[in-house]
Amino acid sequence: MRSINYVFLLLALFAEIIGTIGGFGSSVFFVPLGNFYFDFYSVLGLTAIFHLSSNLSKIVLFKKGLDKKLLLSIGIPSVLFVVLGGLLSKVLETTFLEVFLGLFLVGLSLFFLIKHKLSIAAHTKNAIIGGSLSGFSAGLLGTGGAIRGLTMAAFNLEKQVFIATSAFIDFMIDFSRTFVYYNNGYIHAHDLKYVPFLLVIGLLGTYLGKKILAYIPQSQFRRLSLVFILIIGLATLIKLMLN
């Protein structure tokens, strides 16, 4: 067990808790943090596996509601475009993908911090566009929950319904991209030792996130989450410049 990096596992738990509370999903934290310990492709493979358990636990814990219309209008294009993004990730250089990820995180966090009252119209066309963009980003960069969150926020869902629907869509995305990443060679045998730990972390982090969410307003954690995303994005870019 000496080869297990427990600091990485602790950060994965942190990512799951904050991702659950902030509403962005854990991958927006897990992917850039994982890049400090593994190569980019390995992180994509681990993220897909990690998220399968994470989203299953969210579906179970927040099962009191599911918006079937949004599940179809956002979920179907998300699945189609996550496959496209996953296939494209194999063609592009990892350095380009890491730079793109860093810029994406910095731009995303600054955009939401400045435009914190931004909202989009709640209609099917925007749901399809949002689903397509979030799926493509998830396949290419490993994270797309923030785009999906913005899209779903337009429909003013009750908190439990929002999390359950988002988790179900995310599960569809992860299930699809796991096959793409496996075919791309991103799921490595020497990384599978982390899978049992990540399965437990997915369940524990979601449970703790739900407990905290019951006592602290999500809006406060959302802003804190954005600050964390900004810091992680800047750290990702600085690391690349120093290499």
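Structure above, values below:
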quantity: All positions within region 144-155 that are open to solvent by less than 30 Å² (accessible area, probe 1.4 Å) and in a helix (DSSP H, G or I); calculated: Gly145, Ala146, Arg148, Gly149, Thr151, Met152
quantity: Region 7-60: number of residues that are of a type outside the set (Gly, Ala, Ser) and farther than 19 Å from Phe100 by Cα; calculated: 22
quantity: Residues (among the aliphatic types (A, V, I, L, M), over 19 Å from Val83 (Cα atoms) and either open to solvent by 40 Å² or more (accessible area, probe 1.4 Å) or touching a Lys or Arg at 6+ places or on another chain (Cβ under 7 Å) (or both)) located in region 162-219; calculated: Ile163, Ala164, Ala189, Leu192, Leu199, Val200, Leu203, Leu204, Leu208, Ile212, Ala214, Ile216
quantity: Only one of Gly75, Gly139, Gly85, Gly107 that is closer than 20 Å to Arg223 by Cα and in contact with a helix residue (DSSP H, G or I) (Cβ under 9 Å, 6 or more places away or on another chain); calculated: Gly107
quantity: Filter pass, Leu141 being open to solvent by 10 Å² or more (accessible area, probe 1.4 Å) and modelled with pLDDT of 85 or more; calculated: no
quantity: Leading residue by the ranking (modelled with the lowest pLDDT) among those in region 62-93 that are over 21 Å from Ile128 (Cβ atoms) and open to solvent by 90 Å² or more (accessible area, probe 1.4 Å); calculated: Lys63
quantity: Flag for Leu66 being under 23 Å from Leu203 (Cβ atoms), touching a helix residue (DSSP H, G or I) at 6+ places or on another chain (Cβ under 7 Å) and not in a helix (DSSP H, G or I); calculated: yes
quantity: Some residue of region 94-115 being of a type outside the set (Val, Ile, Thr), part of a loop (DSSP other than H, G, I, E, B), buried (at least 21 other Cβ atoms within 10 Å of the Cβ) and within 13 Å of the chain's Cα centre (by Cα); calculated: no
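Okay, residues lined up against (1) in contact with a Ser or Thr (Cβ under 8 Å, 6 or more places away or on another chain); (2) open to solvent by 10 Å² or more (accessible area, probe 1.4 Å); (3) of a type in the set (A, V, I, L, M, F, W, C):
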{"residue": "Ile4", "(1), (2), (3)": "no, yes, yes"}
{"residue": "Leu10", "(1), (2), (3)": "no, yes, yes"}
{"residue": "Leu13", "(1), (2), (3)": "no, yes, yes"}
{"residue": "Ile21", "(1), (2), (3)": "yes, no, yes"}
{"residue": "Ser26", "(1), (2), (3)": "yes, no, no"}
{"residue": "Phe30", "(1), (2), (3)": "yes, no, yes"}
{"residue": "Phe38", "(1), (2), (3)": "no, yes, yes"}
{"residue": "Ser42", "(1), (2), (3)": "no, no, no"}
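The values are calculated or read from the model by the stated rules, or taken from the named source; none is laboratory data. This one's a predicted model, so the numbers in the text were calculated from it and none came from an experiment. Glycine gets a Cβ as well: all are built from the backbone with ideal geometry, and neighbour counts include every protein chain shown. Please note that ligands, DNA and RNA were not included when accessible areas were found on the heavy atoms of the full protein model with its side chains. Shrake-Rupley method; radii C 1.70, N 1.55, O 1.52, S 1.80 Å.
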